[in-house]
1. Please work out which one of (1) open to solvent by 10 Å² or more (accessible area, probe 1.4 Å); (2) in contact with a Leu (Cβ under 7 Å, 6 or more places away or on another chain) is the condition residue 263 fails and give its number.
2. Just to be sure before I move on: is residue 245 modelled with pLDDT of 90 or more, open to solvent by 30 Å² or more (accessible area, probe 1.4 Å) and at negative phi in the structure I sent?
3. Could you go through the stretch 127-138 and let me know if any residue there is under 21 Å from the mean Cα position of the chain (by Cα) and modelled with pLDDT under 90.
4. For the stretch 243-274, how many residues meet the condition of being under 19 Å from residue 97 (Cβ atoms) and touching a Gly at 6+ places or on another chain (Cβ under 8 Å)?
5. Exactly one condition in (1) at pLDDT 95 or above; (2) more than 22 Å from the chain's Cα centre (by Cα) is not met by residue 143; state its number.
6. Restricting to the stretch 39-51, name every residue that is open to solvent by less than 10 Å² (accessible area, probe 1.4 Å) and aliphatic (A, V, I, L, M).
7. Between 309, 286, which is in contact with a helix residue (DSSP H, G or I) (Cβ under 8 Å, 6 or more places away or on another chain) and either closer than 28 Å to residue 27 by Cα or not acidic (Asp, Glu) (or both)?
8. From the list 185, 189, 238, exactly one residue is under 15 Å from the mean Cα position of the chain (by Cα) and either part of a helix (DSSP H, G or I) or modelled with pLDDT of 95 or more (or both). Which is it?
Amino acid sequence: MAMQLNVQVAAWLHAQVTGGAALVQVMPALLRQGFDEVQVRRLYNAVLSDPDGFQAGFSRAAGGQADTPYSLPQGLVHAPAPATAGVDHDGFRPVAAVPAGARSLASDHGVVRVAFRLERPHVVLLENVLSDAECDALIAEAQPRLKPAGVVDSDRGGSKRDARRTSELASIQRGANPMVSRIDARISAITGVPVAQGEPLQVMRYGVGAEYQPHWDYFDLARPGQAAALRNGGQRIASLVIYLNDVEAGGETTFPRCGLSVAPRKGSAVFFAYTDARSRTDPMSFHAGAPVVRGEKWIATRWMREREFSATGVSTAPEGLR
């Protein structure tokens, strides 16, 4: 993809990004220049991924050409894969990380215990997130409204069915009732992400054999349908998967790139964060919902964004399966 970029704007952007500026710091100025959000992200990522090449392009034009076409890389800038787990590689720190050393988190429900944490990918297992009664109430709220789950249509936008995601779901808007408002506030207290940045709760049922094959929750700029989703709330930064029942067998949340598997336990949740302040995303957060072997699995998922997410926006899973 080529884009005409004013030399002075290009030089300013290069200086800002190489100086450590976060995406949110450069976006307003570029939006005022007439770029849309997806274009801004591609420009920012172009500098981030190849600062010398970007600089060479506008330096050649500075001698007499007003604008220079710059060929932008496709896709998001991924943080490099770590050599070992638990190490901060290349300064990658997710913006929604649970504080290091935290053993418990305060909430209106009482103490939420940190049972396990992994630094890269940033995965934290939390216990006592919901009471048994709250789990049962969410299932009862969702059950009459279940429909087959979809994924983002990566080419055209919107939602479509995909055989790799075989659950049923019901979407529950933020603040739908007093119980949901209480859960919204609790999730915010636990994760540090404001309620307004949360997408609707996705309550899902997985029957025997149902699964969600390995995928990322964040959006891919190279796929037009996914890139369009960034305009409402920006990139996803973290996910919280709350287990609403005990599963007889199967149904684990797995992270294949680090060999981690989390078994469902009623009232507990797995939190994972995958986007940093520079909007880089962590490919180590590749994850899946393993097939249910016996019984059924109920979960409630909250996806969280970089900024406020409109309640009228579409909330569905990316198609980016591999």
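The values are calculated or read from the model by the stated rules, or taken from the named source; none is laboratory data. Because the structure is a prediction, the values reported are computed rather than measured. Note: ideal-geometry Cβ built from the backbone for every residue, glycine included; neighbour counts use all protein chains shown. We work out accessible area using only protein heavy atoms, side chains counted, and drop any ligands, DNA or RNA first. Shrake-Rupley method; radii C 1.70, N 1.55, O 1.52, S 1.80 Å.
1. (2)
2. Numbers: modelled with pLDDT of 90 or more: yes; open to solvent by 30 Å² or more (accessible area, probe 1.4 Å): no; at negative phi: yes.
Answer is no for this residue.
3. Let us first name the residues in the stretch 127-138 that are under 21 Å from the mean Cα position of the chain (by Cα), namely 129.
Keeping just the survivors that are modelled with pLDDT under 90 gives none.
No, the stretch 127-138 contains no residue that is under 21 Å from the mean Cα position of the chain (by Cα) and modelled with pLDDT under 90.
4. Residues that pass the stated criteria total 1.
5. Here residue 143 clears every test but (1).
6. Result: 40, 43, 46, 47.
7. On the way: 286 fails: in contact with a helix residue (DSSP H, G or I) (Cβ under 8 Å, 6 or more places away or on another chain).
309 is the lone residue from the list that is in contact with a helix residue (DSSP H, G or I) (Cβ under 8 Å, 6 or more places away or on another chain) and either closer than 28 Å to residue 27 by Cα or not acidic (Asp, Glu) (or both).
8. Details: 185 fails: under 15 Å from the mean Cα position of the chain (by Cα); 189 fails: under 15 Å from the mean Cα position of the chain (by Cα).
238 is the lone residue from the list that is under 15 Å from the mean Cα position of the chain (by Cα) and either part of a helix (DSSP H, G or I) or modelled with pLDDT of 95 or more (or both).
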